[in-house]
Amino acid sequence: GESVGLHLPTLSVQEGDNSIINCAYSNSASDYFIWYKQESGKGPQFIIDIRSNMDKRQGQRVTVLLNKTVKHLSLQIAATQPGDSAVYFCAENLSSGGSYIPTFGRGTSLIVHP
Amino acid sequence: DTAVSQTPKYLVTQMGNDKSIKCEQNLGHDTMYWYKQDSKKFLKIMFSYNNKELIINETVPNRFSPKSPDKAHLNLHINSLELGDSAVYFCASSQGRPVGRGLLLLKTEAFFGQGTRLTVV
């Protein structure tokens, strides 16, 4: 299940299950969104991105959904594997008039149990 | 073949000391950043440079001074280190283009270094 609080939100799943990680962004003018994966002891790594003119984008085992109406992003990981265990961040960019730097959300720790 | 490399990986130092963290990218990007990650994994932008010019400088104590000798390097110097400076510092780079005074349109995702774990004792 998922727990949200003062600590890093955590999602625990069994190997082979599908995982869904959610993210709310702050600025309705943001037009480019990226999901990053950060493994222990490493820097964040790009997983998948999506522009605001799309509502869905698929990669290998990952899908990102964008709902601009409620300013919500989700990352779906199919057939989750132990190697998917990491902290996942969404980041938003604006093209003008404000923050144009990758601005990161809180992060969600995904734990995959064999 | 490391795209973004930062050194050192670990840095343990006493309060009051001055230290530097170096960062280099070989991706040909024109924008570089420094982020600070706290113990709760929150990643906060500190500085951003585009073609050696400071673009963003978030609320960071002026004990932190970035220096960009060329667009492939962005070093971070910290004076008078404090206990609260203990964190993991990440350098990153991406490709962008200016769209207005001080503004930047990012064309690609950011590539991150492996991080520098700074411990102030």
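The values are calculated or read from the model by the stated rules, or taken from the named source; none is laboratory data. Everything numeric here is computed off the predicted structure, so don't read it as measured data. Backbone-built Cβ (ideal geometry, glycine too); neighbour counts: all protein chains shown. For the accessible areas, the whole protein counts, side chains as well, though only heavy atoms, and no ligand, DNA or RNA atoms are used. Shrake-Rupley method; radii C 1.70, N 1.55, O 1.52, S 1.80 Å.
If you take the accessible area of A alone plus B alone and subtract the pair, what total do you get in square angstrom, rounded to 100, with a 1.4 Å probe?
Numbers: alone 6610 and 6950 Å², together 11520 Å².
The buried area between A and B, both sides summed, comes to about 2000 Å².
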| task | With all protein chains present, calculate the accessible area of residue B:44 using a 1.4 Å probe and round the result to the nearest 10 Å². | result | 90 Å²
| request: Would you be so kind as to identify which of A:8, A:104, A:41 lies farthest towards the positive end of the dipole of chain A, taking Lys and Arg as +1 and Asp and Glu as -1 on Cβ and the Cα centre as origin? | output: A:104
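Where a ≥ b ≥ c are the square roots of the eigenvalues of the C-alpha gyration tensor, would you call the protein assembly as shown rounded, which needs a/c under 1.5, or, failing that, prolate if a/b is larger than b/c, or oblate? Present the calculation step by step, with values, prior to reporting the outcome.
Numbers: a/c = 1.88, a/b = 1.30, b/c = 1.44.
It is oblate, given that a/c is not under 1.5 and a/b is not larger than b/c.
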| Approximate spin-label separation residue B:83-residue A:56, in nm, with each point projected 7 Å along Cα-to-Cβ | 5.2 nm
| remark: Accessible-area order for B:63, A:51, largest to smallest, probe 1.4 angstrom, reads A:51, B:63
| Quick one: accessible area per residue over chain B, 1.4 Å probe, rounded to a whole number of Å²? | 49 Å²
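Could you pull out the pairs from A:68/B:41; B:9/B:41; A:71/B:40 whose alpha carbons sit more than 22 Å apart here?
Details: A:68/B:41 26 Å; B:9/B:41 17 Å; A:71/B:40 24 Å.
Over 22 Å apart, Cα to Cα: A:68/B:41; A:71/B:40.
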| field | GNM result for chain B, Cα springs below 10 Å: residue of B:42, B:90, B:64 fluctuating most strongly | value | B:42
| If the cut-off is 19 Å between C-alpha atoms, which aspartates and glutamates fall inside it for residue B:19, apart from same-chain ones fewer than 8 positions away? | B:38, B:82, B:85
| query | Out of residues 5 or more away from residue B:119 or on other chains, whose amide H comes under 5 Å of its own, with H placed 1.01 Å from N in the peptide plane? | reply | B:11, B:12, B:13
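Quick one: net charge of residue B:58's neighbours, Cβ under 10 Å, K/R +1, D/E -1? It would help to have the intermediate numbers written out before the result.
Values: positive: B:36, B:44; negative: none.
Around residue B:58, the charge tally is +2.
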| task | Provide Rg and Dmax in Å for chain B, with only Cα atoms included in the calculation. | result | 13.9, 43
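May I ask for the net charge around residue A:65, where only other residues with Cβ less than 15 Å from the Cβ of residue A:65 are counted and Lys, Arg are +1 while Asp, Glu are -1?
Details: positive: A:51, A:56, A:57, A:61, A:68, A:71; negative: A:49, A:55, A:92.
Neighbourhood net charge equals +3.
Given a 1.4 angstrom probe, I'd like the percentage of the accessible area of the stretch A:18-113 that is carbon and sulfur, rounded to a whole number. Mind dumping the intermediate values first?
Values: 1980 of 4260 Å².
Carbon and sulfur: 47 percent of the exposed surface of the stretch A:18-113.
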| Taking all pairs of different Cα atoms in chain A, averaging 1/r and flipping that mean, what Kirkwood radius in angstroms comes out? | 14.3 Å
| request: Could I have the simple spin-label model distance between residue A:15 and residue A:28, label points 7 Å from Cα toward Cβ, reported in nm to one decimal? | output: 4.6 nm
| field | Integer Hz, Karplus 6.51/-1.76/1.60 couplings in order for the stretch B:10-21, x for Gly and Pro | value | 10, 9, 10, 8, 8, 3, x, 6, 10, 9, 10, 10
| field | Residue among B:95, B:10, B:51 farthest towards the positive dipole end of chain B, charges placed on Cβ | value | B:95
| query | How far is the Cα center of the stretch B:1-69 from the Cα center of the stretch A:38-56, in Å? | reply | 21 Å
